[in-house]
Amino acid sequence: MPDYNIKVNGKSLTVHVDSDTPLLWVLRDEFDLAGTKFGCGIAQCGACTIHLDGVATRSCQLQISVVDGMEITTIEGLSKNGSHPVQQAWKETDAETKNEISASLADAAALNAQTSAAAQKLKEAKEERASEKAVADAELAVQARQREEYATIQAALVELQANAVPTVQANILAKIEMLNNSKIGADKDTMEQINKEITAERANYNNSEYINAEAQLLVHGFANLVEDSNGETVLQDILNRYEELKDIVKGFDLGEQGGAPLGDVTDSSFTEE
Ligand code: FES
């Protein structure tokens, strides 16, 4: 344990205590200066106030190592003969009042501890609310992104629906062209068979009922791509597929040909959440 030198009430003194010993206990226990009182012990009530180099300071939370070499004045040192008004007032206070004061100081200390605990709880509640808000914000952001995705898909479906009939017709024309090409070098029976197939495809091309049914299948098939087997959105696949379909349509000169307008997509697996 080191030695500490302090001047107390004008006298230079040396004390041999642990460095973290509060000045209050040095004054009371080492120097018998019991006029400095213990109240709350947490530097709140003021019962332990002394003057440190002339400044009123609470001694219960002041470690001796911090005040080494400094000058301290306690209530006993306010005047040598006890004539200081504060000393007089303390003397005139009866024992009961002194006890009441001590009890009040203890109450104040307890209240202070409760207030600190409540303030800590409030701080924690605020932090918790802040993190709940962060989670809620993140959820809202996800929902907003989902809504954007669904809107994009819906728009793609509407456009696909508009192009579905021409796409089906383009597919039929491509098939007819392929059948025509396959006649080169064919024997008579094969040729007859191919011609029958070409006639059937031409009938399909002019049959609006057939065209519409195929177009509906195309739209519904496309719409069914909206969700994969895990129920997750596969937007990019859909949009890629849509680009492919648009290229097919672009490759043929369809003129004004087209069937009756399609109805709404009513029985696809696409559902907006
Ligand atoms: S005992 Fe030091 S302020 Fe209360």
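Remark on Leu13: its backbone amide H falls under 5 Å from those of Ile6, Lys7, Val8, a criterion applied only to residues 5 or more positions apart or on other chains, H modelled at 1.01 Å from N. All distinct Cα pairs of segment 3-77 go into the 1/r average, and the inverse of that average, the Kirkwood radius, is 11.9 Å. Distance between the pseudo-spin-label points of Arg129 and Ala213 (7 Å out from Cα toward the beta carbon): 6.5 nm. Counting other Cβ atoms within 10 Å as a rough exposure proxy, the listed residues Glu132, Glu197 run Glu132, Glu197 from fewest neighbours to most. Straightening the chain between Ser12 and Val66 buys 17.8 nm, computed as 0.36 nm per residue apart minus the Cα-Cα spacing.
Shown in residue order for segment 186-203 are the 3J(HN,Hα) couplings computed by the Karplus curve 6.51 cos²θ - 1.76 cosθ + 1.60 at θ = phi - 60°: 7, 7, 4, 5, 4, 4, 4, 4, 5, 4, 4, 5, 5, 4, 5, 5, 5, 5 Hz (x for Gly and Pro).
Quick note: the coordinates plus some simple rules give every number you see, no bench work behind them. No experiment lies behind these values; they were computed from the predicted model shown. No Cβ is skipped: glycine too gets one built from the backbone with ideal geometry, and neighbour counts run over all protein chains shown.
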